[in-house]
Amino acid sequence: MNARIVIGLLSVMVFVQFLVMPMDDYYLSYAQKTHQIAILSGAADPQSRHHYSPPEITIAPGDIVEWSNGDADAHTMTSIISETDSGVKLDSGTLVSGEVWTFQFTEKGVYDYFCMIHPWAKGVINVRNIEPGFKVIHNVGADLGDGTMTFDVEYSSIRKISSASVNEQQKKITFNLVGVVEGKDQLVLKLPEDLINGPFQIYMGRDTVVSEVESIEGNIKVIKIPLKEDTKEITIVGTSVVPEFDQIATLILASLITTIILFSTRAKRLFSNVNGSKFHPNI
């Protein structure tokens, strides 16, 4: 058989297999990645603010997580039973100083875990479908109010976003980037409208950036920002950002006060009607 015909048939077969492949298998078909989490020195101390680095990560189904114990004390990685429990249990056993434990996550879900020896040391593994080439920065908005209204932001870049801070008054989010890249690099951000809404003004340091914005899935804005070799900070100014807890509390309090006033007014009228009516006993 002619070699060109064979190559053509094989190409068609691969294309058809791609079309009928379930979405989960599509993501699993990408090369598995191994993610490192370090158990930090001093994690056994209940006063320590940092136990795992990073404390929360998002990975794709099929990826592997590798924990390394950099502390002098022994630790465990043990599942926390919760409403989001995926049914897969983490049980590393005891890891002494210097030991490594790996686990492959094939099922999507949220895996909360802790150390049975030092229960204040907690971490989270989020397993979900991620577009290939994208990473996730967690808890954006945690610096506002009581820190309960937070968002996960997916992004793509050769660099890594080390932190993100939200300024409610100035309606802006600042992303700090780590790494220096020779040649071209682009930051692609998927921003929920509930976190920040456009139209956007984007700054690289003090310079205005010309960027490309498109919408996907209704309330997600995809922003493509060309980066310079030494870019370390990107600021996005919008028309609104996630409100602080104080503002939400004010609205709730105002609603509660209005309800109390209406209830008090009705109660007074009812009491007045009862006192004003005459009682006529049967004679």
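The values are calculated or read from the model by the stated rules, or taken from the named source; none is laboratory data. Bear in mind the structure is a predicted one, so any value in this text is a computation, not a measurement. Cβ coordinates were reconstructed from backbone atoms using ideal geometry, including for glycine residues, and neighbour counts include every protein chain displayed.
Structure notes:
- Residue match in the stretch 95-106 (condition: modelled with pLDDT of 95 or more and among the hydroxyl-bearing types (Ser, Thr, Tyr)): yes
- Of residues in the stretch 130-157 being of a type in the set (S, T, N, Q) and more than 10 Å from the chain's Cα centre (by Cα), the one farthest from residue 182 (Cα to Cα): 148
- Options 242, 178: the member that is surrounded by fewer than 16 Cβ atoms within 10 Å (Cβ to Cβ) and either in the same structural domain as residue 105 (by TED's automatic domain parsing) or aliphatic (A, V, I, L, M) (or both): 178
- Only strands (runs of 3 or more DSSP E) whose full extent lies in the stretch 149-246 are considered here, and the ones with at least 3 residues that are under 19 Å from residue 134 (Cβ atoms) are 151-156, 160-167, 172-178, 185-192, 212-216, 220-227.
- Extreme residue, surrounded by the most Cβ atoms within 10 Å (Cβ to Cβ), among residues of the stretch 197-207 that are at pLDDT below 90 and under 18 Å from residue 231 (Cβ atoms): 205
- Among the residues of the stretch 125-140, those that are within 15 Å of residue 190 (Cα to Cα) and either modelled with pLDDT under 90 or buried (at least 17 other Cβ atoms within 10 Å of the Cβ) (or both) comprise 130, 131, 132, 133, 136, 137, 138, 139, 140.
- Criterion (assigned by TED's automatic domain parsing to the domain that holds residue 142, touching a strand residue (DSSP E or B) at 6+ places or on another chain (Cβ under 9 Å), of a type in the set (D, E, K, R) and surrounded by 18 or more Cβ atoms within 10 Å (Cβ to Cβ)) met by exactly one of 185, 194: 185
- Total residues in the stretch 191-245, condition basic (Lys, Arg) and in contact (Cβ under 8 Å) with a residue 40 or more places away in the chain: 1
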